[in-house]
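Enquirer: Okay, handing you the structure first.
The values are calculated or read from the model by the stated rules, or taken from the named source; none is laboratory data. In this text the structure is predicted, and so the values were computed from the model without any measurement. Don't worry about glycine lacking a Cβ; one is built from the backbone with ideal geometry, like all the others, and counts go over all protein chains shown.
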Amino acid sequence: MLPEPRHAMPLKRMARQSDALRLPDHAVLEAFGTGAIVLDQEGLLVFANRAAHSLMQRGPLRLVPALDRRRPGQPALRLDGPTPAATARLNALAGIAARGGPGGAMRLFGAGDGALRILITPLPDVMDDAAGSGRALLLVEDMRAVRALPFDALQALYAFTRAETAVAEALLAGQTAEQIAAARQVGVPTIRSQVRAILDKTGARSVRDLGRFIAAP
């Protein structure tokens, strides 16, 4: 999803204006198959690879102009989520990670079925052209690209029913219990009961943890 005119200029024009988008020292991040974004301690963009730009063009995360207090008058960019609350949480987690804290993970939901999963962690020094500068690495994944193992495999591994398989696939895609219930035309309590069964059968601690048990390689 491109930035709305009242908030930002198109991504291609912003990319031309920001030297940070062309840092050669982040070549290793460019090779990532997933989206990779680097932010400084102020939440300003340092680098975003091609995969990240592709996700931001069609997902609930975008780049908007920002004020760089350290370099007045210089173009700067920051991330903007689908809601002010989501943006605030994203910036808070990135700020913690940039200062050496644990960071965290979150999901962003946009219009329609757009959904992103974001892992936020301190940027390793080996990936940083200015080691010790304090930066956060955001790994961004399109949740629609995550697929569950086929039914036969889930049935053999965990004794899933076909209904549980369908619910698990929807959970991996980032859908909520309410969305799944509406799509399957059943009550929300039914879906929540199936989610509990899925977690019990796999041993996953939470829906967020489910992917490592049932996602296809």
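Enquirer: Quick check on this structure: which one of Arg78, Arg62 is surrounded by 15 or more Cβ atoms within 10 Å (Cβ to Cβ), charged (D, E, K, R) and free of Cβ contacts under 8 Å to residues at least 40 places away in the same chain?
Expert: Only one candidate passes the filter, namely Arg78.
Enquirer: While we're looking at this one, here's another question. Applying the selection to the stretch 205-217, what residues are in contact (Cβ under 8 Å) with a residue 60 or more places away in the chain and assigned to a helix (DSSP H, G or I)?
Expert: Hits for the stretch 205-217 are Arg208, Gly211, Ile214.
Enquirer: Would you point out which residue out of Arg196, Arg162, Arg205 is in contact with a Leu (Cβ under 9 Å, 6 or more places away or on another chain), of a type in the set (Lys, Arg) and over 28 Å from Leu79 (Cα atoms)?
Expert: Arg205
Enquirer: Now for a separate question. Would you mind finding the one in Ala20, Ala92, Ala52 that is at pLDDT below 90, assigned by TED's automatic domain parsing to the domain that holds Arg135 and either assigned to a helix (DSSP H, G or I) or within 23 Å of Asp209 (Cβ to Cβ) (or both)?
Expert: The unique qualifying residue is Ala20.
Enquirer: Might you check whether a residue that is charged (D, E, K, R), assigned to a strand (DSSP E or B) and modelled with pLDDT under 90 occurs anywhere in the stretch 65-74?
Expert: no
Enquirer: Ok, one more. Conditions: (1) surrounded by 20 or more Cβ atoms within 10 Å (Cβ to Cβ); (2) within 23 Å of Glu30 (Cα to Cα); (3) at pLDDT 85 or above; (4) of a type outside the set (Gly, Ala, Ser). Met143 meets all but one. Number of the miss?
Expert: Of everything listed in (1) surrounded by 20 or more Cβ atoms within 10 Å (Cβ to Cβ); (2) within 23 Å of Glu30 (Cα to Cα); (3) at pLDDT 85 or above; (4) of a type outside the set (Gly, Ala, Ser), Met143 misses just condition (3).
Enquirer: Right, another one. Can you give me the ranges of the helices (runs of 4 or more DSSP H) entirely in the stretch 147-204 with at least 1 residues that are closer than 24 Å to Leu116 by Cα and in contact with a helix residue (DSSP H, G or I) (Cβ under 8 Å, 6 or more places away or on another chain)?
Expert: Correct list: 162-172, 177-184, 188-202.
This table checks each residue for (1) more than 19 Å from Arg107 (Cα to Cα); (2) among the hydrophobic types (A, V, I, L, M, F, W, C); (3) crowded, with 18+ Cβ neighbours inside 10 Å.
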{"position": "Ala163", "(1), (2), (3)": "yes, yes, no"}
{"position": "Glu169", "(1), (2), (3)": "no, no, yes"}
{"position": "Ala182", "(1), (2), (3)": "yes, yes, no"}
{"position": "Arg192", "(1), (2), (3)": "yes, no, no"}
{"position": "Lys201", "(1), (2), (3)": "yes, no, yes"}
{"position": "Arg208", "(1), (2), (3)": "no, no, no"}
{"position": "Arg212", "(1), (2), (3)": "no, no, no"}
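Enquirer: On to the next question. Inspect the stretch 107-130 for any residue being in the same structural domain as Ala31 (by TED's automatic domain parsing), of a type in the set (Ser, Thr, Tyr) and either modelled with pLDDT of 95 or more or under 15 Å from the mean Cα position of the chain (by Cα) (or both) and give the result as yes or no.
Expert: yes
Enquirer: Residue under question is Leu116, and the condition is that it be closer than 13 Å to Leu138 by Cα and touching a strand residue (DSSP E or B) at 6+ places or on another chain (Cβ under 6 Å); does it hold?
Expert: Yes, satisfied.
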